[in-house]
Amino acid sequence: MKQSLAVFLVFISVPLFAQTQSVSAQIVVTASSVPESLESTPASVSVITRDDIQREEARDVADALREVPGVSVARTGSPGKSTTLFIRGGSSKQALVLWNGIEMNNAYLSGYNFGQLSTAGVEKIEVIRGPYSALYGSEAVSGVVNVLTTPSRSGMQVDVEGGEHGLRNGALNGAYVNGIWTAYGTAEHRDDDGFAPNDDFQSDTFVAGIQSAPSSTFSIGLLGRYNRYDLGIPRNVNSTSTAFVPTLHRREKGSESQFSLPIRFDAAGIRYDIRLADSERTENFGDPEGAFGPEFGDTDASTRTARASAQSAKTFAGVITIGGELEKQHVDHADSFGLDVRDRSRDSHAFFAEDNWSTQMGRGSLQVTAGARYDHFDTFGSQVSPRVGAAWLVADSKIRAAYGEGFRAPALGELYAPFFGNPNLDAERSRNIEIGFDHYAGSATFSITAFHSDYDNLITYDIATSQFGNIARTRSRGVEVGATKRLGPFGGSISYTYLEAIDLATHQQLVRRPRNSGSASLSYDAHPFGGDVTFVYAGSRPDVTDLFPFTNVVNEPYNTIDVVLHYNAGSFSPFVKVENATDEQYEAVFGYPSAGRRFIAGIRYAIR
């Protein structure tokens, strides 16, 4: 809508009020091998806490990410449906997604589907913008999202909510933390009838972990997550690709799991970390009444890793970390279109090193993080990825700058899919430079970052060879702004992103990347009452249509407003929420209507 940007600018002109946890208390574990405070890290970081998630009653991680500067979320319809993430204009395949440090990206075609990733059991989400292949290897090209679940305190909580369109959601979680032992578990069940026939979504999520630290020099743990889902796909194109038609029997179900065994011990002044991890995803799609007859698609994908590192104590040379990683990815895919990728696998190994160095400098201090990683894949060869970042901290302010290179190894589906696959593909590569300024003044924060990224060797369909090729180049540059303020019981935050993401062959903006986007939030918390209003804006953006002649189209801008009211009655906290309160009619992905207005009521029972 043309008035959307104007509404957004009016909204953010409201005086900013507060924020939740103080910045100095927030520790970031994703941006470096060494845990850092948010105040000192040279990285461009956003942190979403459990309190933030509960204040907005966000059921899905994708909804919690909508307010992060530099991030765009595209959901293909209503909750549960395929959802992709774009960071700083990079493709959805170029953002690495982690669960407690375990890679979740799909080995079949890269990328990660956020559609079924619930906030159940989530304690914190860290979003690191910029390339981090120097630490994580492939797919950490435009940024990293790390979903963390280890609690910091004991407690038990029960959440029950229900709403229009058949929404029923219940979750139970508990944690025990006593210094030596940390044990926790979460179970969630959701039913959602959706907004159209065959638009339903059912999901079960289980999260658990146990960690033991009998001494300050040793710890061991076991972490796990399992999700299963079943959903309907309410529309598809007809056989002539001239119109969308209802699909009453088009379904998808599947499951996803992550497991990790982390071990830490100290010896002779060196800290050693070892982690064994497994991540698996199964997808089963079917439509007995497809446009060209019965359709099916079955995919099993897995990633298994073993990672070890050794870290020195702090010396005049800084804190030095060296390590290595072994990884094996496997895919088995079959479908009704003959694009089978049967029993294919890929092996890789890596070595990395990083130095975290700091010193007093004038009235402030200088923090420098420098590292590099060497990756070798049996499918295409080797890649070296460097990164260096520096931050100068003085008083309540920080000036930071970083340069990094990233890469994405060709996925198994891109290598071996019949007709289109190309076993000679090379890696996609990126180079990024950024400079930023952060200010922390007690109850207020302000952050601004300017960035420039070049992406080369991008994998896309090559008409000349009728298969995938490394033929595309893009450029992304822009500015990210974020601010928060606290004043008594009021709190508020804003974010804004200007993004120029260009295909260098056509000089057109890349699809599903709005040039202007942002959010604004206003909250009130005065016991026993609380409330939150969240406004999200996405400007016009190019998209692709599934209708003939399959050309690019311009998707209209949209804005949504969510309203939440809480009442804190001790252990009980009832709440009401209105999602998309203005009933905005929009399509985050062209051709697939997004969810309309929904009224929800729930109650939370917590024991601390």
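Residue-by-condition table, conditions (1) touching a Phe, Trp or Tyr at 6+ places or on another chain (Cβ under 8 Å); (2) of a type in the set (Ser, Thr, Tyr); (3) buried (at least 20 other Cβ atoms within 10 Å of the Cβ):
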residue	(1), (2), (3)
Arg513	yes, no, yes
Ser517	yes, yes, yes
Ala520	yes, no, yes
Ser523	yes, yes, yes
Gly539	no, no, yes
Leu547	yes, no, no
Asn559	yes, no, yes
Ala569	no, no, no
Pro574	yes, no, no
Item checked: Residue list for the stretch 112-166, restricted to those being part of a loop (DSSP other than H, G, I, E, B), on the phi > 0 side of the Ramachandran plot and surrounded by fewer than 22 Cβ atoms within 10 Å (Cβ to Cβ) -> His165, Gly166
Next item on the list: Return the only residue of Leu117, Leu167, Leu98, Leu109 being more than 30 Å from Ile435 (Cα to Cα), under 12 Å from the mean Cα position of the chain (by Cα) and in contact (Cβ under 8 Å) with a residue 40 or more places away in the chain.
Entry: Leu117
Margin query: Quick check on my filter: what residues within the stretch 95-111 are more than 25 Å from Tyr416 (Cβ to Cβ) and either aromatic (Phe, Trp, Tyr) or part of a helix (DSSP H, G or I) (or both)?
Written below: Trp99
Next item on the list: With the checklist (1) touching a residue at least 60 places away in the same chain (Cβ under 8 Å); (2) in contact with a Ser or Thr (Cβ under 6 Å, 6 or more places away or on another chain); (3) surrounded by 21 or more Cβ atoms within 10 Å (Cβ to Cβ) in hand, flag the one item Asn227 doesn't pass.
Entry: (3)
Notebook entry, point to check: Can you name the residue in the stretch 434-466 that is under 19 Å from Ala395 (Cβ atoms) and of a type in the set (Phe, Trp, Tyr) and, of all such residues, is surrounded by the fewest Cβ atoms within 10 Å (Cβ to Cβ)?
Noted result: Phe437
Checklist line | Residue, nearest to Ala107 (Cα to Cα), within the stretch 313-323, restricted to residues that are surrounded by fewer than 16 Cβ atoms within 10 Å (Cβ to Cβ) and among the small types (Gly, Ala, Ser) | finding: Ala313
Note to self: Looking for something in contact with a Pro (Cβ under 6 Å, 6 or more places away or on another chain) and among the hydroxyl-bearing types (Ser, Thr, Tyr) - is there at least one such residue anywhere in the stretch 498-512?
What the structure shows: no
Note to self: Just to be sure before I move on: is Ser523 within 21 Å of the chain's Cα centre (by Cα), of a type in the set (Gly, Ala, Ser) and over 19 Å from Ser92 (Cα atoms) in the structure I sent?
What the structure shows: no
Next item on the list: Would you point out which residue out of Glu289, Glu354, Glu295 is under 29 Å from Ala427 (Cβ atoms), in contact with a Ser or Thr (Cβ under 8 Å, 6 or more places away or on another chain) and not aromatic (Phe, Trp, Tyr)?
Entry: Glu354
Item checked: Some residue of the stretch 530-539 being part of a loop (DSSP other than H, G, I, E, B), closer than 18 Å to Thr84 by Cβ, of a type outside the set (Gly, Ala, Ser) and touching a residue at least 24 places away in the same chain (Cβ under 8 Å) -> no
Notebook entry, point to check: Counting residues that are out of contact with any Lys or Arg (no Cβ under 9 Å at 6 or more places or on another chain) and at negative phi, which strands (runs of 3 or more DSSP E) fully inside the stretch 175-250 reach at least 1?
Noted result: 181-192, 201-215, 218-232, 235-237
Note to self: Regarding the stretch 30-44, can at least one residue be identified that is in a strand (DSSP E or B), under 16 Å from the mean Cα position of the chain (by Cα) and modelled with pLDDT of 95 or more?
What the structure shows: yes
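The values are calculated or read from the model by the stated rules, or taken from the named source; none is laboratory data. Given the structure is predicted, the values throughout are model-derived calculations rather than measurements. Glycine also receives a Cβ, built like all others from the backbone with ideal geometry; neighbour counts cover every protein chain displayed.
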